[in-house]
Each structure stands twice: as structure tokens, then as C-alpha cells.
Amino acid sequence: MRYVLLALLILSILGLAYYYNKAEKLQSRISEYEKNLEELKRNISEKEILLSDAESNAAALRKELSEAEEEIEKLREELKAKQDELSSCLSKETQPVEIKVENESVCERELASCRNELSSIRRARVYVVHWWYDSFGCVPCGTANVKFHIVLFNAGYETAEDVRVIITLYGESGPINIIRIDAGSLSGRTAKVLEQIVTISANFRRAEVSCES
């Protein structure tokens with residue numbers, strides 16, 4: 001009888017050890033699942049922040065696109081007005097009409113003004129008509145890159161040489177980086193799209209794009 005009780009005791013101890021080991025494994029798996037759940041929550045939070053930034057950027061881009069379209073339309077109207085004035089001046093220059101001596105200086109000044117306006121119209125004038133950027137990476141972590149897309153337009157008829165684009169990055173307290181891009185030459189009445197990838201820091205807030213030639 002004593003051996004039977006001893007055997008039962010040993011079996012009970014082995015059973016307890018088995019279930020204790022199984023419980024330890026289950027607890028380890030639960031801890032691992034909880035850790036993965038926390039990581040998923042952090043990833044979802046980061047994605048929500050990026051989505052909010054993307055929606056804000058999209059709204060700003062739509063506004064900038066509308067402003068760029070208005071600027072192009074304004075430039076077209078200005079060019080048409082200059083061309084009409086030029087046509088009027090040239091027609092006055094070529095028409096065989098008698099002019100009184102006292103009016104000759106007035107006409108000469110008007111003709112000179114028209115020629116100056118023609119020269120101004122033909123002169124290369126490069127504008128940044130639109131720009132936007134796409135970000136990828138973790139902006140709050142300071143490990144994000146930004147890809148700028150910049151649309152240039154030469155409103156003149158002459159070729160613009162040595163066009164340079166300037167990208168200024170701003171933080172909360174002011175400029176944090178200035179990037180200069182050599183855009184080369186741009187023929188008259190043509191557009192060009194530039195792309196530039198820039199690494200940004202965690203305190204990046206906004207950017208400005210301009211050009212010079």
C-alpha cells in the first residue's frame with residue numbers, strides 16, 4: 001500500500017510539473033502577443049499621423065494649383081495686352097500719314113516705348129508656376145525624405161540661361177536648410193518639371209520654392 005501511495009505521489013508531482021511548464025509556455029505566448037499588439041497600435045498611430053499630413057498637403061496643393069492657374073491666366077492676359085499695344089504701334093509706324101513737326105517727337109517716344117515693351121516681352125522670364133512634394137519615411141522620427149516636384153515656365157521668347165531653383169526648408173524658428181538646384185537652360189514659351197529628393201529633420205514644418213536666372 002505504501003508503494004502505491006508513493007507512486008501516486010510521484011505521478012501527481014509529475015502532473016503538476018507538466019501543467020506548470022505548459023502554463024509557463026502559455027504565459028510566454030500571451031506576453032509575445034501583447035507585445036505584438038502594442039507594436040501594431042504604434043504603427044496604426046504613425047499611419048494615422050501620416051494620413052493626416054497627407055490630407056493637409058493635398059488641400060494645400062489644390063490651393064497652390066488654383067493660384068498657379070490664375071497666375072498663368074494673368075500672364076496670358078498681360079501678354080495679349082502687350083501684343084495688342086505692339087501691333088498698334090507698328091501699324092502707326094508703317095502707315096504713310098503726314099505728321100506735323102510738333103507731333104514727331106511724341107510719335108518717336110511712343111515708338112521707342114513700344115520697342116522697349118517688345119524687348120521686355122521677348123526677354124526671358126522664368127517663373128515657378130507650381131510645386132508640391134511627396135514625403136516618405138517617418139517625419140516625426142526625423143528619418144523622412146521629401147521628393148519635390150517643381151514646374152518652371154519661361155514666359156518670354158528668349159532662352160533663359162543658367163536657371164537656378166532655390167528650396168528653403170523652415171522649422172518652427174526659421175530656415176533650417178537651403179538647397180540650390182541647377183536647372184540649366186529653358187527655351188522661350190516652354191515649361192520644365194524638376195524633381196529633387198531632400199532629407200528632412202523632425203522639426204521640418206514648411207518649404208518655399210523660388211527660381212533665378
How many residues of the range 188-210 are charged (D, E, K, R) and more than 18 Å from L61 (Cβ to Cβ)? The answer is 2
Note on the range 39-59: residues among the β-branched types (V, I, T) and in contact (Cβ under 8 Å) with a residue 24 or more places away in the chain are I49
Check your understanding: With respect to E117, is the statement that it is touching a Leu at 6+ places or on another chain (Cβ under 8 Å) and more than 21 Å from L50 (Cβ to Cβ) true?
Key -> yes
Of the conditions (1) surrounded by 12 or more Cβ atoms within 10 Å (Cβ to Cβ); (2) at pLDDT below 90; (3) out of contact with any Phe, Trp or Tyr (no Cβ under 9 Å at 6 or more places or on another chain), the single one that C141 does not satisfy is (1)
Within the range 136-179, the count of residues that are in a loop (DSSP other than H, G, I, E, B) and in contact (Cβ under 8 Å) with a residue 60 or more places away in the chain comes to 6
When restricted to A183, A202, the only residue open to solvent by less than 60 Å² (accessible area, probe 1.4 Å) and not in a strand (DSSP E or B) is A202
The condition of being touching a Phe, Trp or Tyr at 6+ places or on another chain (Cβ under 6 Å) and within 22 Å of A68 (Cβ to Cβ) holds, among A191, A160, A183, only for A191
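The values are calculated or read from the model by the stated rules, or taken from the named source; none is laboratory data. Treat the numbers as computed from the prediction; the structure is a model and nothing was measured. Please note: Cβ atoms are built from the backbone with ideal geometry, for glycine as well, and neighbour counts cover all protein chains shown. Note: accessible area is taken over every heavy atom of the protein model, side chains too, but ligands, DNA and RNA are not part of it. Shrake-Rupley method; radii C 1.70, N 1.55, O 1.52, S 1.80 Å.
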